[in-house]
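Data first, discussion second: the structure below is written as structure tokens.
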Amino acid sequence: MLRRVVAARYVVPLREGGSLPAVVEAEDGRSYVVKFRAAGQGARALVAEIVVGELGRTLGLPVPELVIVELDAAVGRNEGDPEIRDLVVKSAGDNVGMAFLASAIGFDPAARPKLDPTLAARIVAFDAFAQNMDRTAKNTNLLWCTGQLWLIDHGAALYWQHDWDGGLDGADSKFPLIARHVLLPWAGPIAAEAAWLTAGLTDAAIDAATAAVPEAWWTPPPALPPDEFRAAFAARLRARRDAASIYLEEADRARAV
């Protein structure tokens, strides 16, 4: 399960993202980038943030710690922008926080930084599994901090959940958008990472990642009882894992172009 912290002070909005995240200081003395429940795609984006982030951490990928941030509506009362004040009020309660990397800078592919080809291949493989459309040259969602690459912002992944009936159809689909992945030029053979991906994404790891999502954030389709939705979500992730050869071979073909 994720640690829970209580927001103590709203520090500054981060206007780079369309969902208006913010740096918030918590009562544990640490700062977090908070994704608000009332922003953008709502709670489903936070479901993706937690599930994908936790699975990435389980695989050993560099994802900052995620926490549940308890937010009082009064925390943002001194923010001058009325849109942001309204967002904070509507997001009172639980939200997602990611450890704030104070000295981080954005990954710039034009600078041609040196990257480990195995790490790059594993990130591409993981994003193909998660169907993450949002790691492109235009919007890398990668940071450099203290000489290490970090993966952030996974709310756009698992996009199938926004129009999903609770079944397994499409779990084994290809992911053409992987051809836009920013790390393809650095990646070693991607299909070679299938064993790493499938061995790390155990049933227990998938169950733990879905269990980390607050119960109130699961919004099942009408055809599926609420108490079965989390299990169906985990089953969909397992089916996606088991189809790794399909989308990893596709990623390798994109890498070769």
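Would you check if VAL24 is surrounded by 18 or more Cβ atoms within 10 Å (Cβ to Cβ), under 16 Å from the mean Cα position of the chain (by Cα) and touching a residue at least 12 places away in the same chain (Cβ under 8 Å)?
Values: surrounded by 18 or more Cβ atoms within 10 Å (Cβ to Cβ): yes; under 16 Å from the mean Cα position of the chain (by Cα): no; touching a residue at least 12 places away in the same chain (Cβ under 8 Å): yes.
Taking the combined requirement at face value, the residue does not satisfy it.
Among the candidates ALA204, ALA156, ALA231, the residue that is under 20 Å from the mean Cα position of the chain (by Cα), within 17 Å of ARG135 (Cα to Cα) and either without any contact (Cβ under 8 Å) to a residue 60 or more places away in the chain or not in a helix (DSSP H, G or I) (or both) is uniquely ALA156. In the set (1) under 20 Å from LEU14 (Cβ atoms); (2) surrounded by fewer than 17 Cβ atoms within 10 Å (Cβ to Cβ); (3) modelled with pLDDT under 95, the condition left unmet by ALA104 is number (3). Residues satisfying the criterion are absent from region 35-53 (criterion: over 17 Å from the mean Cα position of the chain (by Cα), closer than 15 Å to PHE100 by Cα and outside any strand (DSSP E or B)).
Just the residues that are aliphatic (A, V, I, L, M), in contact (Cβ under 8 Å) with a residue 60 or more places away in the chain and part of a strand (DSSP E or B), please, taken from region 71-117. Write out each step before concluding.
Here is the first cut: in region 71-117, the residues aliphatic (A, V, I, L, M) are 71, 73-75, 84, 87-89, 92, 96, 98-99, 101-102, 104-105, 110-111, 115.
So of that shortlist, the ones also in contact (Cβ under 8 Å) with a residue 60 or more places away in the chain come out as 71, 75, 84, 87-88, 96, 98-99, 102, 115.
Of everything in region 71-117, those that are aliphatic (A, V, I, L, M), in contact (Cβ under 8 Å) with a residue 60 or more places away in the chain and part of a strand (DSSP E or B) turn out to be LEU71, VAL96, MET98, ALA99.
The conditions of being surrounded by fewer than 17 Cβ atoms within 10 Å (Cβ to Cβ) and touching a strand residue (DSSP E or B) at 6+ places or on another chain (Cβ under 8 Å) are not met by ALA179.
Taken over region 131-141, the criterion of being out of contact with any Leu (no Cβ under 6 Å at 6 or more places or on another chain) and either crowded, with 17+ Cβ neighbours inside 10 Å or within 20 Å of PRO21 (Cβ to Cβ) (or both) is satisfied by GLN131, ASN132, ASP134, ARG135, THR136, LYS138, ASN139, THR140, ASN141.
Report yes if ASP169 is under 23 Å from VAL96 (Cβ atoms) and either basic (Lys, Arg) or free of Cβ contacts under 8 Å to residues at least 12 places away in the same chain (or both), otherwise no.
Criteria not met by ASP169.
Residue count for region 27-52 under the criterion of being surrounded by 18 or more Cβ atoms within 10 Å (Cβ to Cβ), farther than 23 Å from LYS90 by Cβ and not aliphatic (A, V, I, L, M): the result is 0. The residue list TRP186, TRP160, TRP164, TRP144 contains one member that is surrounded by 14 or more Cβ atoms within 10 Å (Cβ to Cβ), touching a Leu at 6+ places or on another chain (Cβ under 8 Å) and among the aromatic types (Phe, Trp, Tyr), which is TRP186. Only a single item in (1) in contact with a Ser or Thr (Cβ under 8 Å, 6 or more places away or on another chain); (2) under 21 Å from MET1 (Cβ atoms); (3) surrounded by fewer than 21 Cβ atoms within 10 Å (Cβ to Cβ) is not met by ASP242, and it is number (2). Here ALA191 clears all of (1) under 27 Å from GLU65 (Cα atoms); (2) aliphatic (A, V, I, L, M); (3) assigned by the TED database to the domain that holds ILE246 except the condition numbered (1).
The values are calculated or read from the model by the stated rules, or taken from the named source; none is laboratory data. Fair warning: this is a prediction, and the values are worked out from it, not measured in the lab. Backbone-built Cβ (ideal geometry, glycine too); neighbour counts: all protein chains shown.
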